[in-house]
Each structure stands twice: as C-alpha cells, then as structure tokens.
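The values are calculated or read from the model by the stated rules, or taken from the named source; none is laboratory data. The model shown is predicted, which means the values in this text are computed figures rather than measured ones. When we count neighbours, we look across all protein chains shown, and the Cβ atoms used for this are built from the backbone with ideal geometry, even at glycine. Remember, those area values only see protein heavy atoms, side chains included, never the ligands or the DNA or RNA. Shrake-Rupley method; radii C 1.70, N 1.55, O 1.52, S 1.80 Å.
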Amino acid sequence: MSSAEASRSRRILCTGIAVLDEVFRVDEFARGEVKTRASEFLSVNGGNAANAAFATARLGAPTRFAGPLGGPAGEDPNGDCFLAHLERAGIDCSACPRMPGVATPISAICIDRRGERAIVHYRDARLMEVRSDNPAAVVADVDAVVADNRFPDFVLPICAAARERGIPVVLDADEPEHKGIELLMVTSHIVFSAEGLRAIAGRDDLAAALVQVRPLTDAFLAVTDGANDVLWLDGTTPRAMSVFKVDVVDTLGAGDVFHGAFALMLAEGQSEAHAMRFAAAAAAVKCTRFGGITGAPRRAEVEALLARA
C-alpha cells in the first residue's frame, strides 16, 4: 500500500474548539493608537482541533470534526462561515452541535514580516455547557482522535469512548490554564505547547516539566516549542528531536498541523519517533506559506521535505 493509499484508508476525528480566523498580513504589529494597513487578508477556519482537521484532510485522510458552535444556522454568521470553510475541504461536520443565541468564537490575527502573530480572540463562555449527544457514535468508525483542551467537558467523553475502542487519542495540551487534568488520564499521546506545559508544571525548564507531569498519566509525552527541538520522554528520560529549518512566512496553525500529522501517522501504525518526524516536516512546510491553516501541506510535499533532509 502506498503512503497516499494509507492516508485514505485511515479516518481521523478532531474534536475541540472551532474559530473563525480573520487574518491580516502586516509589515509590523501596530503600536499605540495608530492605523496599520494590511497587505493581505483572509477569512479561514481556525481553532486547534479544527485546524488539525484541515491538516489531516489536506494530507489525504477522511476527516470528521466535532466541536461546539454558535447558532442556529442563518443566525450565527461566524459559525456558518466556519462550516462552509470545512465543508469545502471535504470535512464531515455533522457532529457539531450549535447553541442558539451564541456566536461561534472569532479571532482577529495579524501576521508580521517575520511570520509571528498577534491575536485578539472572542469566545462566549456559554459554549462550555455544550456536550456531544453520543460520544460513542462519534468515534465508532475512526482510527485516531485529535483533541484540544479548550472545551474539556465536551471532548472528555469523546476521548474516553475512543480509548475504550483502543485507538490512538492525541491531546493538544495548549490551553495555558490549570484545568482539564482529567484529559491527561484518558489520552494515549499528549503533545503540549511550551506555554501549556509551563502553565501545568509551573516551571520554565521544558524537559524538567515533562518529567514532572509523568506521574499524572501513562500517555506518551512530548512538547513542541516553535523553532526549537521537540522534546519527548523515553520512559522518564527526556529526549530531543531537531525540527526542520525553513524560511518562516507564517507560523499560524503550525502546531495544529503537527498534531494532525502526528495522529495520522499513529493511525497508520507508525512509531512515535516516525510520527514526530513526519509531523515536524508537515509543520515546517506550513510555516513557509501565508494564510494560517490554508498553508497546510499535502502529503507529497511532506515526503519531499523528508527525502531532502
């Protein structure tokens, strides 16, 4: 079976936050009470899990997204636009409940000439009350799950149902708050953001922070840190994997691409080491393009970078 055939034969579920991203490309971030002219603008889907869904779909895997949205249809333009973006990418959004009278989260994002980002985000707290009607049905026909920790009470039953099936459950532990610790115990693989890990462990040293988190879960543990090495635990011993050096244009969504690509490789039966390497290459390719998650690569592009390395 070719790599393309392997990705098409593995179904991925991504569950968590959905955001409509309004992305502006600027020379530099605004300072003070001044107007800043943007050279480009895009309206794209965003949010950790939703971005991971776009990434796995772009890599060739049939993908489903489940996350709470505002609603109803026709009365929440943020949610309507978000769903249109995902549906155009071929992503199944039938497991997305919509809460009447609430707006789907939205972000205004500026990307500067270095590829760094500044974000203003709005999220209605009432979405925290939304639950999946049937978590077991949502995961019944998938081969791996990616979850973020933005809506822990929504994704927790879905992750638990997936673990009962014995499939990989990858947690994007990005929310920099001390909540959702239960998720650490019902996932098979946890890839922290540097910010999220520092918040949970209460220390700056990422290797030491991974070791500190180890007693909380038996999951595989790793942490991404932008252009720095990916750190992971071999038992209780920290290891490092170098990332790919590229000319950075836009980092928005790169971590989400990493999580989606990592989960897809696990679904295909690859080792964690192989999955991290593939995921790092996918994230690197994404960083070379402006447009947030729309810069997520196709599988052939990732394999071409791996072949050159």
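Simple spin-label model, 7 Å along Cα-to-Cβ: residue 212 to residue 298 in nm?
Label-label distance for residue 212 and residue 298, simple model: 4.5 nm.
At R0 = 30 Å, how high is the FRET efficiency between residue 185 and residue 29 if r is their beta carbon distance? Nearest 0.05 is fine. Don't skip to the answer; put the middle values down first.
On the way: r = 39 Å, r/R0 = 1.30.
After rounding to 0.05, the efficiency reads 0.15.
How large is ³J(HN,Hα), in whole Hz, for each residue of the range 250-264 in order, when computed from phi with the Karplus curve 6.51 cos²θ - 1.76 cosθ + 1.60 and θ = phi - 60°, using x for Gly and Pro?
Result, rounded to whole Hz: 7, 8, 4, x, 5, x, 5, 4, 4, 5, x, 5, 4, 5, 4.
In nm, to one decimal, how far is the residue 195 label point from the residue 272 one, both placed 7 Å along Cα→Cβ?
2.5
From Cα coordinates alone, what are the radius of gyration and Dmax values for the range 156-309 in angstrom?
For the range 156-309, the Cα-based Rg and Dmax read 15.0, 42 Å.
Between residue 39 and residue 240, what FRET efficiency follows from the Cβ-Cβ distance if R0 is 22 Å, with the result rounded to 0.05?
Values: r = 37 Å, r/R0 = 1.68.
Computed FRET efficiency for residue 39 and residue 240: 0.05.
Ordering 264, 306 by accessible area with a probe of 1.4 Å, largest first, what comes out? Write down the numbers at each step before the final one.
Working: 264 0, 306 50 Å².
Order by accessible area, largest first: 306, 264.
With θ set to phi - 60°, apply the Karplus curve 6.51 cos²θ - 1.76 cosθ + 1.60 along the range 232-246 and write out the HN-Hα couplings as whole Hz, x wherever there is a Gly or Pro.
Going residue by residue, I get 8, 9, 9, x, 10, 9, x, 10, 10, 10, 5, 9, 8, 8, 9 Hz, with x marking Gly and Pro.
For the range 58-186, what is the per residue volume of the convex hull drawn over the alpha-carbon atoms, in cubic angstrom? Numbers along the way, then the final one.
Numbers: hull volume 17.7 nm³, N = 129.
For the range 58-186, the hull spanned by Cα atoms encloses 137 Å³ per residue.
Which chymotrypsin sites (Phe, Trp or Tyr not before Pro) in the range 1-107 pass both tests, a DSSP loop state and at most 14 other beta-carbon atoms within 10 Å? Spell out each step's value before the answer.
Working: sites: 24, 29, 41, 54, 65, 82; in loops: 29.
Taking the range 1-107 and a limit of 14 other Cβ atoms within 10 Å, the loop chymotrypsin sites (Phe, Trp or Tyr not before Pro) found are 29.
Of the beta bridges DSSP finds with both residues in the chain, what % are antiparallel, to the nearest 5? Walk me through the numbers before you get to the answer.
Details: 22 of 53 bridges.
Here the antiparallel bridges make up roughly 40 percent for the chain.
Over the range 1-96, with every protein chain in place, what whole percent of the accessible area is carbon and sulfur at 1.4 Å, could you tell me? Mind dumping the intermediate values first?
On the way: 2020 of 4210 Å².
Ligands and nucleic acids excluded, carbon and sulfur reach 48 percent.
Quick one: Kirkwood hydrodynamic radius for the chain, alpha-carbon pairs, angstrom, one decimal? The partial results should precede the final answer.
Numbers: mean 1/r = 0.0520 Å⁻¹.
After inverting the mean inverse Cα-Cα distance, the result is 19.2 Å.
What are the ³J(HN,Hα) values, in whole Hz, obtained from phi via the Karplus relation 6.51 cos²θ - 1.76 cosθ + 1.60 with θ = phi - 60°, for each residue of the range 57-71 in sequence order, with x given for Gly and Pro?
Going residue by residue, I get 5, 5, 7, x, 8, x, 10, 10, 10, 10, x, x, 10, x, x Hz, with x marking Gly and Pro.
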